[in-house]
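> Once you've had a glance at the structure underneath, I'll fire off some questions.
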Amino acid sequence: MAIWTAEILKEMRRSLLDWYQRAGRTLPWRNEPDIYRVWISEIMLQQTQVKTVIPYYERWLEQFPTVKTLAAADLQTVLKQWEGLGYYARARNLHQAAQQVVTDFGGQFPEDLESILRLKGIGRTTAGGILSSARNLPLAILDGNVKRVLARLIALEVPPAKALDVLWDISETLLDPKNPRDFNQALMDLGATLCTVKQPDCPHCPWRNHCQAYLNHQPTAFPRKAPKKQIPTKKLVAAIAFNLENQVFIQQRPQDGLLGGLWEFPNREGEIKSLLIQLFPDAQYERSLNTVFHAYTHFKIELEPRIYRVNLSGSGWVSLQSLKDYPFSKAHLKIIEQLQDPQLSLPL
Ligand code: SF4
């Protein structure tokens, strides 16, 4: 893609790398030669900010120091480590991919693009991130931050999702073939620290002389946004059922789909009568807790926890203290917080 002359490209690479030397972030996975560790960091960094990722990354490597330990773990332990990080498909995919590495690659994380792309949950940008970072291979990246930087750089007139081929071409064109590792890291840092969504710090940007959005005095007008879709709100009711031994009932979600494999209190959208009839026919309503609000990518929920007393026991019934051993979604963790509040004086 001939947007810039060879001379200008050289200058852009040099200025970005100079800036990176001065202002790049120090991150635990930077210059990490262990490809397994780089892979974990790349997956955690999808849709999650660095400062949130760091403690999870460190705890994860203590529990699963190698791809083999991850493959051998049970899914519940893996989800428990991921608890609170969101987008749980990432954790399930990591677990499955680790098992693929053991069965298909003899426990050695593959180091070629084609094999890496066969692993569950790894697409083109993650593969580029892993191989450029861990092995200094000249593969481009295009994560959310990079899309924003490049869309501004060329003042892209359509939302990035509508011009992915163009943005990939630009990322490949700009990539420094002599130093792809630092170049990609620098590009990510530029997006995360200078070319931010709301307040890009253009006067300090190494690319300000080449950036069309800046030169046209409208950096935040890019990337162009797709028309906003209304996000629906679902009103749910959760049954927090206590039996006579003051155990509470929880159930596991199916492995596939949203929050797959996580545990939760039984809940329904709208009315809860049919669920009660099915699970706790003798349920006596006691009281409601504070409604929990949570936003997912495509919808929001308002979740009303209702406490019931029932006369049942068996599998699925656990003590309040042992809830911490199970992985729950954020919304249900907010219910557990309320249940563990001493002011509530539970069990009832
Ligand atoms: S000049 Fe501003 S808008 Fe352009 S890439 Fe740099 S920080 Fe982003």
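> Specify the angular offset, from 0 to 90 degrees and rounded to the nearest 10, of the alpha carbon long axis of helix 144-153 from the longest principal axis of the alpha carbons in the chain.
Computed tilt is about 30 degrees.
> Compute the Rg to Rh ratio over region 25-152 from the alpha carbon atoms, using the Kirkwood formula for Rh, and round to two decimal places. Write out the running numbers ahead of the final one.
Numbers: Rg = 14.0 Å, Rh = 14.9 Å.
In region 25-152, Rg relative to Rh is 0.94.
> Just how far, in whole angstrom, is region 231-279 from region 302-348 if you go by their alpha carbon centroids?
So the two Cα centres are separated by 11 Å.
> Using a 1.4 Å probe on the protein chains only, how many percent of the accessible area of region 83-200 belongs to carbon and sulfur? Present the calculation step by step, with values, prior to reporting the outcome.
Working: 2380 of 4760 Å².
Answer for region 83-200: carbon and sulfur cover 50 percent of the accessible area.
> Could you state the angle between the C-alpha long axis of helix 330-339 and the longest principal axis of the C-alpha atoms of the chain, as a value from 0 to 90 degrees rounded to the nearest 10?
Between helix and principal axis, roughly 40 degrees.
> Using only the Cα atoms of the chain, what are the Rg and Dmax in Å?
Calculated on Cα positions, Rg and Dmax stand at 24.2, 78 Å.
> Considering only protein heavy atoms and a 1.4 Å probe, what is the carbon-and-sulfur percentage of the accessible area of region 233-344? Each step should come with its number before you reach the end.
Details: 2880 of 5860 Å².
Summing carbon and sulfur atoms, their accessible area is 49 percent of the total for region 233-344.
> Also, quick follow-up: Around R224, under 9 Å between beta carbons, what's the net of Lys plus Arg minus Asp minus Glu among the other residues?
Combined, the nearby Lys, Arg, Asp and Glu give +1.
> Could you work out the longest stretch of the chain that avoids the GluC sites (Glu not before Pro) located in DSSP loops with at most 11 other Cβ atoms within 10 Å?
No qualifying site falls inside 1-156, the longest such stretch.
> Another question about this same structure. As a test of the formula, what do you get for the chain when each DSSP H run with n ≥ 4 contributes -39,500 (n - 2.57) and the sum is divided by the residue count, at 222 nm and rounded to the nearest 500 deg cm²/dmol?
Values: 14 runs with 143 residues, N = 348.
My calculation for the chain gives -12000 deg cm²/dmol from helical runs alone.
> Additional query: Please compute the net charge surrounding S41, taking Lys and Arg as +1 and Asp and Glu as -1 over other residues with Cβ under 11 Å from its Cβ.
Details: positive: R30, R37; negative: E32, D34, E42, E58.
It works out to a net charge of -2.
> A follow-up question, please. By how many degrees, between 0 and 90 and to the nearest 10, does the Cα long axis of helix 89-105 differ from the longest principal axis of the chain?
Roughly 70 degrees, rounded to the nearest 10.
The values are calculated or read from the model by the stated rules, or taken from the named source; none is laboratory data. On a predicted model such as this, the values are computed, not experimentally measured, just so you know. Cβ sites come from the backbone with ideal geometry, for glycine too, and all protein chains shown count toward neighbours. The accessibility values were calculated without ligands, DNA or RNA, using every heavy atom of the protein model including side chains. Shrake-Rupley method; radii C 1.70, N 1.55, O 1.52, S 1.80 Å.
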